[in-house]
1. Being on the phi < 0 side of the Ramachandran plot and at pLDDT 90 or above narrows it down to one residue among Ala140, Ala199, Ala124, Ala176; which is it?
2. Would you check if there is a residue in segment 2-9 being touching a strand residue (DSSP E or B) at 6+ places or on another chain (Cβ under 7 Å), among the small types (Gly, Ala, Ser) and under 24 Å from Gln78 (Cβ atoms)?
3. Of all residues in segment 1-46, which are in contact (Cβ under 8 Å) with a residue 40 or more places away in the chain and farther than 11 Å from Lys64 by Cβ?
4. Find the helices (runs of 4 or more DSSP H) located wholly in segment 1-110 whose residues include 1 or more that are touching a helix residue (DSSP H, G or I) at 6+ places or on another chain (Cβ under 7 Å) and buried (at least 20 other Cβ atoms within 10 Å of the Cβ), and list them.
5. Take Val28 and decide whether it is modelled with pLDDT under 90 and not charged (D, E, K, R).
Amino acid sequence: MPIYGYIRVSTKEQNEDRQLIAMRESGVPEENIFMDKQSGKDFNRPNYKRLLRKLRREDVLYVKSIDRLGRNYEEIQQQWRVITKDKGVDICIIDMPLLDTRRGKDLVGTFLSDVVLQVLSFVAENERTNIRQRQAEGIAAAKLKGVKFGRPEIPLPENFSCNYQRWRAGEITGSAAAKACNMPLSTFRYKAEIYKKSANF
């Protein structure tokens, strides 16, 4: 029977080697391995969708761990049902032998698998929540230390102060001042507001 593998990493920078090694050791052919470099918050992933279309009854799908499948509790449960019930495909979670639907197809085995799946799905989503919280706390701590995020601030042109003063005095229009500073009117007004506060004008 055909066997497939699914690999997911959250970003393009993350390394998928451990998952690839696990797939090879499980005997999954290279051409049957599908990989997404995307968040596990939902299942709207191009290669996961391609995999679903490819799967047929009695195929076997290998995944390294449940959090590689996804990190949304309800959606993991839903996709598990789609794969195992609707498509009739067996799933083997390599890191958790209890989650191998080829074994224990009796009532007790099914019950144990369902319980383990629910627990691990909860853990996967909870870890995603914790990751986001740690990121937010890290960003907040960095900001307190003066670390700036986003694109670096472009310095004001040398003639900004002069044109700002002339605009404030009513000698020139905002459009003329913006043009002289080589910036859009909206940008000039935004910078003027900041300049006003910093210079106490």
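1. Working: Ala140 fails: at pLDDT 90 or above; Ala199 fails: at pLDDT 90 or above; Ala124 fails: at pLDDT 90 or above.
That would be Ala176, the only listed residue that is on the phi < 0 side of the Ramachandran plot and at pLDDT 90 or above.
2. Taking segment 2-9 as the starting set, the residues that turn out to be touching a strand residue (DSSP E or B) at 6+ places or on another chain (Cβ under 7 Å) are 3-9.
After this cut, where a residue has to be among the small types (Gly, Ala, Ser) as well, the list is 5.
Filter again for under 24 Å from Gln78 (Cβ atoms), leaving 5.
Checked segment 2-9: at least one residue is touching a strand residue (DSSP E or B) at 6+ places or on another chain (Cβ under 7 Å), among the small types (Gly, Ala, Ser) and under 24 Å from Gln78 (Cβ atoms).
3. Within segment 1-46, Met1, Pro2, Ile3, Tyr4, Gly40, Lys41 meet the criteria.
4. Working: elements: 17-25, 46-54, 66-69, 73-81.
Because the criterion is at least 1 residues that are touching a helix residue (DSSP H, G or I) at 6+ places or on another chain (Cβ under 7 Å) and buried (at least 20 other Cβ atoms within 10 Å of the Cβ), the helices (runs of 4 or more DSSP H) in segment 1-110 that meet it are 17-25, 66-69, 73-81.
5. Details: modelled with pLDDT under 90: no; not charged (D, E, K, R): yes.
It is false that Val28 is modelled with pLDDT under 90 and not charged (D, E, K, R).
The values are calculated or read from the model by the stated rules, or taken from the named source; none is laboratory data. Because the structure is a prediction, the values reported are computed rather than measured. Cβ coordinates were reconstructed from backbone atoms using ideal geometry, including for glycine residues, and neighbour counts include every protein chain displayed.
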